[in-house]
Structures are given as C-alpha cells and as structure tokens.
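A.B. asks: One structure follows; several queries about it will come next.
The values are calculated or read from the model by the stated rules, or taken from the named source; none is laboratory data. Model, not experiment: these values are computed from the prediction. Cβ atoms come from the backbone with ideal geometry, glycine included; neighbour counts cover every protein chain shown. To get the accessible areas, we keep the full protein, side chains included, count just its heavy atoms, and leave off ligands, DNA and RNA. Shrake-Rupley method; radii C 1.70, N 1.55, O 1.52, S 1.80 Å.
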Amino acid sequence: MASIELSRIQKRFGTAEVLKDVTLSIADREFVTLVGPSGCGKSTLLRILAGLEAADGGTVQIAGQDMTRVRPAHRNLAMVFQSYALYPHLTIAQNMATPLKLRDLSRWARLPVIGPLSARSAYRAIGEQVRETARTLQIEALLDRKPSQLSGGQRQRAALGRAMVRQPVAFLMDEPLSNLDAALRVHMRAELSELHRRLGATFVYVTHDQAEALTMSDKMAVMMGGRILQFGPPDQVFANPATLDVAEFVGSPKINILPGEVDHDGRVSALGRGIPARLLVDGRLAKVGLRPEQLHLDGGADGWLGRVVHRENLGHDLYFHVALDADDQRLVVRGAQDRNGAESLGDAVRVGFKPDRALFFAPDGTRLHSVVPAKLAESA
Amino acid sequence: MQNSRAHLWFIAPALILIFLILMLPIGLAAAMSLTDYALGNPGFNWVGLENYERIFTRSTYERMFGATFRYVAVVVPMSVGLGLGAALLIHSLTRFGNLYKTIYFLPVMAALIAMAIVWEFALHPTVGIVNRSLEAFCGTPLELWRWHANGCENGFPLWLSDRDYAIWTVAFIGVWQGFGFNMVLYLAGLTSISPSLYQAAEMDGATSGWERFRLVTWPMLGPTTVFVVTITIIRSFQVFDTVEAFYPQGGGPGKSVYVMMFAIYEKAIQQNLMGIGAAITIVFLAFVMILTLAQRWLVERRTHYV
Ligand SMILES: Nc1ncnc2c1ncn2[C@@H]1O[C@H](COP(=O)(O)OP(=O)(O)O)[C@@H](O)[C@H]1O
Ligand SMILES: [Mg+2]
C-alpha cells in the first residue's frame with residue numbers, strides 16, 4: 001500500500017493540451033475519485049499514473065519513489081478497465097491467475113505442459129490464491145467460465161478479481177461501473193466502498209458521474225479542461241465549491257445560478273430580493289448560487305413569483321421547475337417533504353429561499369465569500 | 001393453409017442456383033468419373049471404380065500426390081508464418097508501413113505467368129542471379145557449408161530442371177507469391193485487437209514481446225489463423241499456373257512437379273481422358289471438403305470467444 005504523488009503533470013496530444021500542470025497527492029489507503037465531464041483528461045491522468053501513457057512534463061511518485069520512467073508492469077499497480085479487458089480465450093480462473101503467473105513463476109515454469117508438472121507447488125499456491133480472491137468477491141461459481149459467458153456485473157467482478165489477486169500498491173479504476181445497468185451500478189458503489197475498507201488499499205477511481213464521486217470517495221478531485229479545480233472531501237466540495245464550474249458540476253439537480261447585484265456597501269440582492277450577506281467586491285455584479293434544496297415554494301409575499309412548468313418526481317424527492325414571471329429565469333426547487341406534490345403544473349407559486357447557504361461568484365466564476373456570516377448579516 | 005408453401009418460394013431461387021451452379025456440375029463430374037468418356041466419342045462405357053483404382057495404384061498418381069503434398073507442406077506453414085511475421089513487423093512500424101504493405105502485396109497482384117519469366121531468368125543455371133550470387137561467395141567462409149562447397153566445385157543446381165530441387169523451387173515461388181495475401185489478412189486481424197488487452201497484459205506483468213504475443217496476439221488471432229490456414233491449404237492444392245508456366249509438358253523433371261490441378265488439366269484437356277480427369281477432380285473436392293469441415297469444427301470448438 002502506498003501514497004501517490006503526481007506533480008506538475010503536463011500532457012499534450014498534438015496541439016491539444018490535455019493536462020495543464022496537474023498536481024495531486026493521494027495519501028496511503030485513501031479512496032480518491034477523479035471526476036469531471038467527459039474529455040477533461042481524467043483517463044489520461046490515470047493512464048499517466050499507471051505508466052500506460054508518458055507525460056510530457058512532471059513526475060509520478062509512488063510510495064516515495066520516482067516512478068516517472070518506470071514501465072507499467074514494474075509499478076505494481078492494478079487497473080480495472082472500463083471494458084474490463086479480460087482475456088476472452090481464458091477462463092475466469094486463468095484470467096485471475098495470469099498476473100500471478102507472470103510475476104511469480106519463472107520462464108520455465110510458465111511453459112505449457114512442463115511448467116505445471118515441474119512447479120507443481122507454485123501452481124497450487126496460485127490456484128489457492130485465485131480461489132481465495134474469488135471467495136471474497138463471491139465469484140467462485142464462475143471460475144470455470146469464459147468471459148463471454150458472464151453478465152456485465154459478473155465480468156466487472158472478474159476484472160476486479162484479476163486486479164486484487166496479487167497485492168498491488170494501489171488500484172486504478174477507469175469508469176468501472178459505466179457499462180452496468182443503473183440498479184447494479186448503485187449496488188456496486190456500496191460494494192466497492194466496502195471492498196476499499198476491507199482491503200485498506202489506495203484506490204484511484206475515475207468517473208464522470210458526480211454521484212459516484214460523492215458517495216464513494218474519501219476525497220474527490222474535480223477536473224475540467226485539464227486542470228484540477230478542487231480537491232477535497234466530497235461534503236466539503238459540495239458545500240464549499242471553489243468555483244462556479246465546480247458548484248455547477250457537483251450536485252444533482254444542478255445548482256440554480258441567479259444574476260445578483262452588489263451595492264456600495266457590499267449588500268447583495270438577486271432578482272430584486274436582498275440576500276443577507278456582505279461582499280467586498282469592486283464590481284457591481286455577482287452570481288448567486290442556490291441549490292434546489294435551499295429553495296421552497298412557500299416564499300410568502302416577497303417570494304419570487306413564478307409558474308410550475310415541470311414536475312420531476314424521483315420517488316423520494318420531488319423537484320419543481322419554476323419559470324419566474326419577471327425574468328427569463330428558471331429555478332429548480334425541491335418540494336417540501338411534508339406536503340409533497342401539492343402544487344401541480346401551471347400553478348402560480350412564490351419561491352422563497354433559506355439564505356444561510358447561498359454561494360456567491362464573481363462574473364468570471366471565482367468564489368466570493370461573505371465577510372459577515374449570514375446569520376449576523378440578517379439580523380444587522 | 002393456403003400460404004403454408006410460401007417458404008418454398010423464398011428459398012427456391014437459392015436452391016435452384018445451388019443446384020445449377022454447384023450440385024449439377026459436381027454430380028456430372030462424379031458420374032463421369034465412373035466412365036471412360038472422351039470428348040467427341042459417340043458413346044462411353046461404365047467402368048465403375050476403375051479410374052479411382054488407377055489413381056490410388058499407378059506410380060504416376062503416386063508422384064502426383066507426392067508433388068502436391070510436398071508443395072502444400074512447404075507453402076502452407078511458410079506462407080502463413082511469413083504472412084504473420086510480416087504483419088507483426090508492419091503493424092509495429094510507425095512509418096513506411098504502407099510502403100512495405102504494397103511491396104509485400106505486389107507478388108499477389110502480379111500475374112504469375114508474367115512473373116514466371118522473371119523467375120526462370122533469375123534461376124537460370126549459368127546467367128541467373130541466384131547461381132551467380134552463390135558463385136560470388138565461393139572462397140568465403142560460406143564454403144564451410146558442405147552444400148555450398150560442393151556447389152562451388154561441381155556447379156550449383158539447375159533449380160528448375162533437377163528433379164531433386166524442382167518441386168521445392170516451385171514451392172518457394174508459391175510462398176513468395178502467396179504470403180502477402182496472408183499478411184493482409186493478419187493485418188486486418190491485428191487492427192481489430194483491442195489495445196486495452198495489451199494494456200491489461202502490461203499491467204499484469206507481461207514485459208516481453210513474446211509474453212504479449214502468447215497472452216494476447218496469438219489467441220486473438222485464432223479465428224484469423226484458422227481462416228488463413230484453410231484458405232492457404234486450398235490455394236496450395238489448387239496450384240497450377242506456376243507448373244504450367246515452367247513445365248507446359250509432362251509436369252517437370254521425372255514428374256516431380258506433377259501437381260493435382262496439372263494432372264486434371266493434362267488428362268482431361270490435353271489427353272481428352274475425361275473419366276480419369278473427373279476422378280482426380282472428385283478426389284480433390286474430397287480434400288477440400290474435409291478441410292472445410294475441419295475448419296468449421298475448429299472455429300466452433302476452439303476460437304469462438306464471443
Ligand atoms: N491517444 C490520444 N490521441 C489524441 N488525443 C487523445 C488521446 N487520448 C485522449 N485524447 C484526448 O484527450 C482529451 C482527454 O481525454 P481523456 O483523458 O480520455 O478524457 P476523459 O476525461 O473523458 O477520460 C480528449 O479530448 C481526447 O480527445
Ligand atoms: Mg475516460
């Protein structure tokens with residue numbers, strides 16, 4: 001098990017700069033997720049860490065050793081590929097035994113017929129290790145099957161098994177759940193987290209799905225356009241996003257961004273309603289971010305007047321899409337838990353908000369912090 | 001059930017075509033192989049299996065099988081192996097790949113009859129480039145090779161007209177002509193291997209090219225190999241144009257290059273012995289049939305991954 005340090009990684013494909021000076025340090029036994037929209041360079045970063053791609057600049061350190069020029073096979077990492085990349089002509093047991101055979105057996109012992117005869121005990125040990133891992137993943141019954149005879153979820157487990165069977169210093173996973181159906185994906189999230197706790201290994205997990213990042217990781221790195229915009233624990237990234245892009249990427253449904261104005265004293269207002277916060281800014285404009293769960297439909301007399309244009313029922317939650325009358329602006333509002341579904345399509349509503357967690361951004365997207373805590377500003 | 005016969009209408013065109021194009025000629029050949037029919041004769045006699053008996057007892061046909069099997073035994077492994085080797089080399093190139101592809105594929109495209117003239121010239125006993133080159137090495141350490149030393153003393157072989165060399169020379173030309181085709185098939189197979197398998201192999205610790213080949217390339221080329229081998233065997237059994245170009249009469253020195261297709265041609269066309277020609281044809285078809293069945297069995301048993 002090991003810590004991983006990526007420092008100042010740069011990568012370009014032709015003229016396209018895919019990674020711009022990425023620095024990331026992952027502690028031992030940490031579950032770190034690289035999350036970001038498709039094409040932002042997550043896979044490239046992971047492949048540079050694995051050694052499958054060479055960086056144009058920067059260094060890769062694993063367990064304190066510089067591994068930048070070490071070939072993938074010697075970095076002792078394990079990778080689970082999006083396509084699983086199981087060897088189709090081998091059974092699951094043979095697939096899982098492959099990394100052990102290639103690493104633990106001599107060239108002689110790997111020969112087809114002579115090998116198993118001459119190195120019988122080594123082969124028995126490998127078989128035992130494979131069965132042990134299969135037991136952990138509950139795929140013992142599948143050991144004699146070929147990958148083509150397995151379902152997506154079973155293949156996923158087999159690929160995980162091949163990665164787990166030798167004790168690698170870290171596990172790298174590139175969107176391992178994206179080929180599974182929705183229910184299985186949610187189930188596997190929990191399993192992977194549990195597996196991480198059980199193995200106590202370092203996990204680096206790539207996904208485009210912010211929900212996976214939020215639910216599974218110890219820390220998530222939000223990537224966009226070849227940069228890491230923010231790196232921190234999921235709840236912190238969610239509650240305290242560093243930029244507008246992060247705020248918009250993390251959280252579903254998306255955060256509502258309203259045009260705001262700042263007066264001479266730093267008081268903020270959005271769509272004509274004052275927000276209890278003080279900003280120290282030169283500009284007169286700011287963006288105000290309010291998450292759907294901070295909005296509600298009983299805003300009283302000074303709420304924003306609007307009309308329900310869409311109801312999004314997720315079962316456990318109900319979201320209303322409200323088109324405001326005054327401005328060309330739509331808000332997504334989470335329905336109150338106790339009076340679920342009272343409003344219907346076309347109803348006129350007044351949208352109110354809980355001001356204490358409003359987020360403020362400068363027009364260029366950087367975060368602005370209120371100099372006065374919301375509670376105090378409100379009472380002032 | 002008025003329309004219960006509709007299916008007949010759908011399969012009828014295919015059935016009729018198969019019958020006309022395939023079954024009828026084969027049936028006629030099979031029937032003819034039991035006669036002593038000759039083109040132009042007013043009638044014929046049924047001779048039963050006499051033609052087949054001849055094929056399997058007479059020394060001429062023993063030579064025919066000998067020449068054919070020698071040719072197949074050289075051409076199949078060599079042109080499959082070289083095709084695979086060339087494909088692997090070209091596939092690993094980042095530049096000039098297309099140039100090499102074209103060069104290796106040229107012999108496939110070139111008409112063999114035309115190329116035969118070039119080979120005849122190159123293999124000419126005295127002025128040919130092959131023997132000239134061999135002579136140029138006389139007096140060098142290459143003479144440690146007994147065969148070469150002997151050649152320097154007594155003259156190098158008459159490649160095309162020595163009965164000990166003729167069939168191997170013709171087989172060599174067959175390899176030269178055929179491996180480019182196999183190379184193209186293998187290249188297609190190589191491009192369809194998912195790169196993530198190689199990456200998985202690397203992560204699993206396959207560090208040498210040989211390990212990658214054994215773990216990924218060779219198994220993934222399995223279906224291609226079955227196809228390539230079958231095609232090559234059938235094409236080798238069908239060799240005719242080289243033999244016809246070099247030895248228009250008699251099938252080479254001491255009938256040592258008397259391959260099956262040439263035998264059919266000589267018996268049925270040149271000598272107008274339709275019966276025996278048809279019998280050789282049927283034997284040939286039987287070989288092809290067995291090979292095709294073997295291929296199907298292999299494809300279904302061994303290389304059916306997905
Ligand atoms: N081998 C390659 N050659 C050229 N461009 C590439 C290559 N691999 C990735 N890219 C480009 O780099 C960018 C980042 O790719 P990737 O890391 O795969 O993104 P993602 O975050 O979706 O995993 C994309 O724009 C992609 O087109
Ligand atoms: Mg990707």
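A.B. asks: Can you give the net charge of the other residues whose Cβ lies under 11 Å from the Cβ of A:His74, counting K and R as +1 and D and E as -1?
C.D. replies: +3
A.B. asks: Could you compute how fast chain A diffuses translationally, taking Rh as the Kirkwood radius over C-alpha pairs and applying Stokes-Einstein at 37 °C with viscosity 0.692 mPa s? Give it in µm² per second.
C.D. replies: Diffusion coefficient, whole number: 138 µm²/s.
A.B. asks: Scattering from the C-alpha atoms of the protein assembly as shown alone, worked out with Debye: what is log10 I(q)/I(0) at q = 0.05, 0.08, 0.09, 0.11 1/Å?
C.D. replies: The Cα Debye sum returns log10 ratios of -0.46, -0.87, -0.97, -1.17.
A.B. asks: Next question, about the same structure. Please tell me which of these pairs span more than 24 angstrom C-alpha to C-alpha: A:Lys101/A:Lys146; A:Lys42/A:Lys146; A:Lys42/A:Lys254; A:Lys11/B:Lys101; A:Lys42/A:Lys354?
C.D. replies: On the way: A:Lys101/A:Lys146 18 Å; A:Lys42/A:Lys146 31 Å; A:Lys42/A:Lys254 21 Å; A:Lys11/B:Lys101 33 Å; A:Lys42/A:Lys354 35 Å.
Too far apart for the 24 Å limit: A:Lys42/A:Lys146; A:Lys11/B:Lys101; A:Lys42/A:Lys354.
A.B. asks: Okay, next question. Taking only protein heavy atoms and a 1.4 Å probe, what accessible area per residue, in Å², does chain A have with all protein chains in place?
C.D. replies: Here the per-residue accessible area is 46 Å².
A.B. asks: Quick one: among B:Ala188, B:Ala171, B:Ala206, which has the greatest mean-square fluctuation in a GNM of chain B with alpha-carbon springs under 10 angstrom?
C.D. replies: With Cα springs under 10 Å in chain B, the top fluctuation among B:Ala188, B:Ala171, B:Ala206 is at B:Ala206.
A.B. asks: Calculate the translational D of chain B in whole µm² s⁻¹ from Stokes-Einstein, where the hydrodynamic radius comes from the Kirkwood formula applied to all Cα pairs, the temperature is 10 °C and the viscosity 1.306 mPa s.
C.D. replies: 69
A.B. asks: Write out the cysteines belonging to the protein assembly as shown for which the nearest other cysteine Cβ is not under 4.7 Å, or none if no such cysteine exists.
C.D. replies: When partners are defined as cysteine Cβ atoms under 4.7 Å apart, the protein assembly as shown leaves A:Cys40 without one.
A.B. asks: Counting only trypsin sites (Lys or Arg not before Pro) that are in a DSSP loop and have at most 16 other C-beta atoms within 10 Å, tell me the longest site-free stretch of chain A. Can you show the working numbers first?
C.D. replies: On the way: sites that count: A:Arg69, A:Arg107, A:Arg145, A:Lys254, A:Arg284, A:Arg339.
Longest stretch, sites excluded: A:146-253.
A.B. asks: Calculate the spin-label point distance for B:Arg212 paired with A:Ser269, positioning each point 7 Å from the Cα along the beta-carbon direction, and give it in nanometres.
C.D. replies: Calculated label separation equals 6.7 nm.
A.B. asks: So what's the projected area for region A:84-129, the Cα convex hull averaged over all directions, in nm²?
C.D. replies: Values: hull surface 13.4 nm².
Projected over every direction and averaged, the Cα hull of region A:84-129 covers 3.4 nm².
A.B. asks: Still on this model: Work out the mean other chain Cβ neighbour count within 10 Å for the residues of A:92-104 and drop it here as an integer.
C.D. replies: That works out to 3 on average.
A.B. asks: If you roll a 1.4 angstrom probe over the protein chains with everything in place, what fraction of the accessible area of region A:40-160 belongs to carbon and sulfur, to the nearest %? Write out the running numbers ahead of the final one.
C.D. replies: Numbers: 2710 of 5510 Å².
So the carbon and sulfur contribution to the accessible surface is 49 percent.
A.B. asks: Counting only heavy atoms of protein chains, what accessible area per residue, in Å², does region B:135-203 have with a probe of 1.4 Å?
C.D. replies: Details: 3450 Å² over 69 residues.
So region B:135-203 comes to 50 Å² accessible per residue, rounded to a whole number.
A.B. asks: Buried accessible area for the A:B pair, summed, 1.4 Å probe, in Å² rounded to 100?
C.D. replies: Working: alone 18500 and 18300 Å², together 34750 Å².
Chains A and B together bury roughly 2100 Å² of accessible area.
A.B. asks: Counting partner chain Cβ atoms within 10 Å of every residue's Cβ in A:80-88, what's the average?
C.D. replies: What the average comes to for A:80-88 is 5.
A.B. asks: Taking accessible area as the heavy-atom solvent-accessible surface of the protein chains with a 1.4 Å probe, which residues of region B:214-254 lose no less than 30 Å² upon going from the isolated chain to the full protein assembly?
C.D. replies: With the partner chains in place, region B:214-254 has these residues losing at least 30 Å²: B:Arg214, B:Leu215.
A.B. asks: Give the cross-link partners of B:Lys267 among the lysines, using a straight C-alpha distance below 29 Å as the criterion and excluding same-chain residues fewer than 8 apart.
C.D. replies: List returned: B:Lys255.
A.B. asks: Kirkwood hydrodynamic radius (Cα pairs, Å) of region B:170-239?
C.D. replies: Final number for the Kirkwood radius of region B:170-239 is 13.6 Å.
A.B. asks: When the helices in chain A are scored as -39500 (n - 2.57) per DSSP H run of 4 or longer and the sum is shared across all residues, what 222 nm value do you end up with, to the nearest 500 deg cm²/dmol?
C.D. replies: -8000 deg cm²/dmol
A.B. asks: How long is the gain from A:Asn313 to A:Arg198 if the chain were fully straight, where each residue apart is worth 0.36 nm and the alpha carbon distance is subtracted?
C.D. replies: That works out to 37.8 nm of additional length.
A.B. asks: Also, quick follow-up: Longest segment of chain B with no chymotrypsin sites (Phe, Trp or Tyr not before Pro) in a DSSP loop having at most 12 other Cβ atoms within 10 Å?
C.D. replies: B:146-306
A.B. asks: Still on this model: Per residue of B:205-211, count partner chain C-beta atoms within 10 Å of its C-beta, then hand back the mean as an integer.
C.D. replies: If you average over the peptide's residues, the count of other-chain Cβ atoms is 5.
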